[in-house]
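The values are calculated or read from the model by the stated rules, or taken from the named source; none is laboratory data. Just so we're clear, the structure is a prediction, and the values are computed from it rather than from any experiment. With ideal geometry, Cβ positions are generated from the backbone for all residues, glycine too; neighbour counts draw on all protein chains shown. Note: accessible area is taken over every heavy atom of the protein model, side chains too, but ligands, DNA and RNA are not part of it. Shrake-Rupley method; radii C 1.70, N 1.55, O 1.52, S 1.80 Å.
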Amino acid sequence: MVSNLSISIGVLTSGGDAQGMNAAVRAVVRSALNLGVAVHAIFEGYQGMVDGGDRIRSLSWDDVGSILHRGGTIIGTARCPVFREREGRLAAARNLLRHGIDRLVVIGGDGSLTGANLFRQEWASLVAELVERGDIDELTAQRHPALMITGLVGSIDNDMVGTDMTIGADSALHRIVEAIDAITSTAASHQRTFVVEVMGRHCGYLALMSAIAGGADYVLIPESPPSENWEQEMCDLLRNGRAAGRRDSIVVVAEGACDNAGGPISSDRVRQVLQDRLGEDTRVTILGHVQRGGTPSAFDRCMSTLVGHAAVQELLSATSTSEPQMVGMRYNRVRQAPLMQCVEQTHAVARKIAEHDYAKAMELRGSSFTEMFQTFKAMAGAPPSVIPPARPRRLAVLHGGGLAPGMNTAARAAVRLGLDRGHTMLGVRGSFEGLLAGRIEELSWGDVEGWTAMGGAELGTTRQAPTVEQLYTVARALETYRIDGLLIIGGWLAYRVAHNLYSERERYPAFKIPIICLPASIDNNLPGSELSIGADTALNAIVEALDRIKQSAIAARRCFVVEVMGRYCGYLALMSGLASGAERIYLPEEGVSLKDLQADVERMIEGFHGGRRFYLTIRNERANAQYTTDFMCRLFEEEGHGLFDVRQAILGHVQQGGNPSPFDRVLATRLAAHCIDFLTRELERGSAAGAYIGLVEGKVMISPINRMHDVVDLEHRRPTEQWWMDLRPVMLGMARPAADAV
């Protein structure tokens with residue numbers, strides 16, 4: 001790649017800080033350097049741009065090392081009233097031109113991005129005025145006739161239209177859900193009610209998703225105020241929950257929550273209503289800035305890296321006539337959208353809320369937001385919200401395959417939503433072995449209380465599949481317990497059994513019932529879904545372990561080889577490498593050769609000779625049958641000749657343990673809702689399709705089970721198309737500079 005030192009990029013963070021900003025800064029810096037472009041950090045946001053001097057500094061590759069795990073922003077952020085004045089923007093332009101900067105990556109909220117666009121529009125006149133004043137010469141003006149900008153949204157509120165997730169929102173959700181989980185345990189001990197206030201002046205994302213992920217009873221959001229009689233409605237709902245078996249009550253309130261007239265609904269007002277009408281000890285917890293703090297989640301690290309990388313690509317392709325773009329995530333892919341169009345649509349939501357046009361505000365938030373709001377309300381209420389049918393249908397829920405965090409969440413959602421639709425819900429204990437043994441019982445609303453946050457699988461799971469000889473016993477069990485529909489939550493084994501049941505329908509008429517599989521596997525290797533329940537939790541567990549490994553090893557000259565799960569799917573290895581800043585990953589999709597290992601050893605030796613103190617490699621458990629983790633460690637140790645130590649860490653089943661992450665809880669709830677809808681529709685139609693469900697490019701998709709083999713690699717038990725493999729070049733670009741980069 002040809003070095004192009006005539007181009008210089010500036011990067012700044014502005015507005016409120018958000019976890020993941022450092023990952024975005026790192027990605028911008030390293031992507032630019034890999035393309036032979038100089039890059040400058042502008043410290044303290046727009047204030048640093050106005051002040052100039054040492055607040056605008058060039059950055060090297062190593063300047064952004066070891067920052068992925070850090071919250072906040074290492075280059076700082078500050079409010080800058082002076083930048084709102086033309087004189088301030090004139091000073092900012094002069095300082096940028098002194099460093100040859102005419103391209104900016106701005107990481108911030110809608111106000112920061114709006115300010116950047118105004119700066120861009122005024123650039124030509126600002127430059128002309130600087131020439132007239134004698135601050136710059138004509139040649140400098142000619143070299144920098146226009147300012148190009150690209151925006152990344154850093155906002156824990158997730159309030160920007162045009163991107164599904166903003167930098168920091170997932171991490172903030174982690175903080176909130178951790179708090180709700182902790183509050184729930186103490187509330188249950190004393191049978192108390194807690195009101196939890198979260199951020200979100202004009203956006204209810206954090207409130208709604210934390211209510212779903214935390215198993216709350218009631219939620220108040222700005223976009224959809226409650227009915228006029230909301231106080232009594234809320235109290236009746238909480239009273240019914242207690243009668244059905246709840247020992248605690250949790251109400252989540254967004255800071256911008258309001259009633260239909262636009263009047264604010266404060267957390268203290270909610271507390272007073274509950275205390276007066278229910279006569280219960282009610283406490284308020286206002287989480288405040290704890291939501292902004294802490295280590296960024298694995299998702300925020302990965303997403304911020306991807307959008308930061310794409311922002312540089314977009315910025316370098318921009319021209320003076322290009323419309324500035326915002327880079328974000330849409331449908332699980334990096335996407336660009338016109339910057340000011342996104343800002344305007346974001347402001348439109350706030351205007352609709354102020355105008356009390358709540359239906360339009362919800363519409364602008366998107367269909368999935370509305371869908372999850374309705375799903376939450378259906379799950380929270382103990383009595384059914386629909387008229388029960390004359391003959392309730394009997395739907396069974398069971399797990400299959402390896403354990404995945406979020407299985408309990410999916411089962412709880414399925415049971416409660418099934419009951420809400422008037423079905424009789426059955427739980428099969430012990431997976432397919434339990435089905436064979438007849439360990440089947442009816443589940444009530446209260447039986448699944450508390451399952452949202454629980455790891456493991458309360459119904460039990462197993463890797464034992466029914467043999468051909470046992471299919472008759474399975475058919476008899478379905479007939480004996482009058483099972484009308486089957487929801488199987490699990491991994492590869494669950495899908496294989498569902499496919500076998502569908503294939504044997506002619507021999508066993510009892511199998512002619514609607515069957516659907518919900519993906520739950522930390523390996524993320526299932527067809528028809530880009531993300532499986534449990535994979536995000538496992539990824540966060542791996543990244544947390546890697547953070548600790550790096551912290552323990554950074555003081556020594558050491559190489560770590562870390563083995564992660566995944567079977568023949570390298571998702572966990574690649575994404576954890578991206579999130580942790582690993583130098584090398586070994587994937588089963590690519591394999592490992594002796595030539596690869598030789599090149600890696602040479603790279604390690606070169607790095608440690610150059611002052612490196614730590615080198616991280618991540619190996620998928622089945623990357624190569626011969627070149628094991630132990631073999632690699634011994635090889636690296638031998639060839640290093642004492643230059644560095646080598647250690648191994650096999651993370652093992654810690655990746656399957658722990659409580660599910662907020663993302664896995666929300667995904668499990670969403671997919672379970674669609675599964676119950678599918679089974680209900682099939683029964684109403686009198687049909688009996690077999691299917692599997694999943695998330696494909698951000699949308700829920702249902703695929704026929706009999707065509708599953710068309711989209712899978714049966715030998716390696718993984719989909720033939722793996723979307724995340726396209727991210728490998730980004731991971732490599734972040735790990736090491738190009739040979740001829742600046």
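State all residues of region 371-381 that are open to solvent by 20 Å² or more (accessible area, probe 1.4 Å) and under 15 Å from I250 (Cα atoms); if no residue qualifies, say none.
If the condition is that a residue be open to solvent by 20 Å² or more (accessible area, probe 1.4 Å) and under 15 Å from I250 (Cα atoms), then K377 is the only one that fits.
If a residue has to be in a loop (DSSP other than H, G, I, E, B), surrounded by fewer than 22 Cβ atoms within 10 Å (Cβ to Cβ) and acidic (D, E) to count, how many in region 113-172 make the cut?
Total meeting the criteria: 3.
If I go through region 219-241 residue by residue, how many of them are open to solvent by less than 50 Å² (accessible area, probe 1.4 Å) and assigned to a helix (DSSP H, G or I)?
Number of matching residues: 7.
When residues of region 336-356 are filtered for being open to solvent by 20 Å² or more (accessible area, probe 1.4 Å), polar (S, T, N, Q) and touching an Asp or Glu at 6+ places or on another chain (Cβ under 7 Å), how many remain?
Residues meeting the conditions: 1.
Working only within region 239-264, note down all residues that are aliphatic (A, V, I, L, M), within 27 Å of A361 (Cα to Cα) and over 29 Å from the mean Cα position of the chain (by Cα).
Residue satisfying the conditions is A261 alone.
What are the residues in region 413-429 that are β-branched (V, I, T) and closer than 16 Å to G241 by Cβ, if any?
V415
Scan region 103-110 and tell me whether some residue there is closer than 17 Å to G88 by Cα and open to solvent by 30 Å² or more (accessible area, probe 1.4 Å).
There is no residue in region 103-110 that is closer than 17 Å to G88 by Cα and open to solvent by 30 Å² or more (accessible area, probe 1.4 Å).
Do we find that L208 is open to solvent by 20 Å² or more (accessible area, probe 1.4 Å), in contact (Cβ under 8 Å) with a residue 12 or more places away in the chain, of a type in the set (A, V, I, L, M, F, W, C) and in a helix (DSSP H, G or I) in this structure?
no
Taking region 303-316 only, how many residues are within 10 Å of T150 (Cβ to Cβ) and either open to solvent by 50 Å² or more (accessible area, probe 1.4 Å) or among the hydrophobic types (A, V, I, L, M, F, W, C) (or both)?
7
List pairs: first in region 590-610 and within 18 Å of R622 (Cα to Cα), second open to solvent by 20 Å² or more (accessible area, probe 1.4 Å), Cβ under 7 Å, 6+ apart or cross-chain?
G591/N624; V592/N624; V592/Y627; L597/Y627; L597/L635
Please indicate, with yes or no, whether at least one residue in region 296-303 is farther than 15 Å from G109 by Cα, assigned to a helix (DSSP H, G or I) and hydroxyl-bearing (S, T, Y).
no
So, T285, is that one closer than 30 Å to A244 by Cβ, touching a residue at least 24 places away in the same chain (Cβ under 8 Å) and not in a helix (DSSP H, G or I) or not?
When the stated conditions are applied, T285 passes them.
Based on this model, can you work out whether L12 counts as of a type in the set (A, V, I, L, M), closer than 16 Å to R103 by Cα and in a strand (DSSP E or B)?
For L12, the condition - of a type in the set (A, V, I, L, M), closer than 16 Å to R103 by Cα and in a strand (DSSP E or B) - is met.
Counting only residues that are under 27 Å from R476 (Cα atoms), of a type in the set (A, V, I, L, M, F, W, C) and in contact (Cβ under 8 Å) with a residue 24 or more places away in the chain, how many does region 433-447 have?
The qualifying residues number 4.
Starting from region 314-334, keep only residues that are more than 23 Å from Q142 (Cα to Cα) and outside any loop (DSSP other than H, G, I, E, B), then list their pairs with residues that are modelled with pLDDT under 95 and open to solvent by 40 Å² or more (accessible area, probe 1.4 Å) whose Cβ atoms are within a distance under 8 Å, requiring at least 6 positions of separation or different chains.
R333/E697
For region 512-568, enumerate the residues that are touching a Lys or Arg at 6+ places or on another chain (Cβ under 8 Å), closer than 21 Å to A623 by Cα and either surrounded by fewer than 24 Cβ atoms within 10 Å (Cβ to Cβ) or not small (G, A, S) (or both).
D523, N525, V543, C559, F560, V561, V562, E563, V564, R567, Y568
Could you tell me which numbered condition R57 fails, if it satisfies all but one of (1) under 24 Å from D157 (Cα atoms); (2) surrounded by fewer than 23 Cβ atoms within 10 Å (Cβ to Cβ)?
(1)
Return the residues of region 242-268 that are open to solvent by 50 Å² or more (accessible area, probe 1.4 Å), farther than 25 Å from H190 by Cβ and touching a residue at least 60 places away in the same chain (Cβ under 8 Å); say none if nothing qualifies.
N260, A261
Out of all the residues in region 606-622, is one or more in contact with a Leu (Cβ under 6 Å, 6 or more places away or on another chain), in a helix (DSSP H, G or I) and open to solvent by less than 20 Å² (accessible area, probe 1.4 Å)?
yes
Which of the residues belonging to region 35-54 are assigned to a helix (DSSP H, G or I), buried (at least 22 other Cβ atoms within 10 Å of the Cβ) and at negative phi?
Hits for region 35-54 are Y46, Q47, G48, M49, V50.
Conditions tested, residue by residue: (1) touching a helix residue (DSSP H, G or I) at 6+ places or on another chain (Cβ under 8 Å); (2) at pLDDT below 95; (3) more than 30 Å from T370 (Cα to Cα); (4) not acidic (D, E).
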position	(1), (2), (3), (4)
A623	yes, no, yes, yes
F631	no, no, yes, yes
A649	yes, no, yes, yes
V654	yes, yes, yes, yes
G657	yes, yes, yes, yes
R665	yes, no, no, yes
A673	yes, no, no, yes
A689	yes, no, no, yes
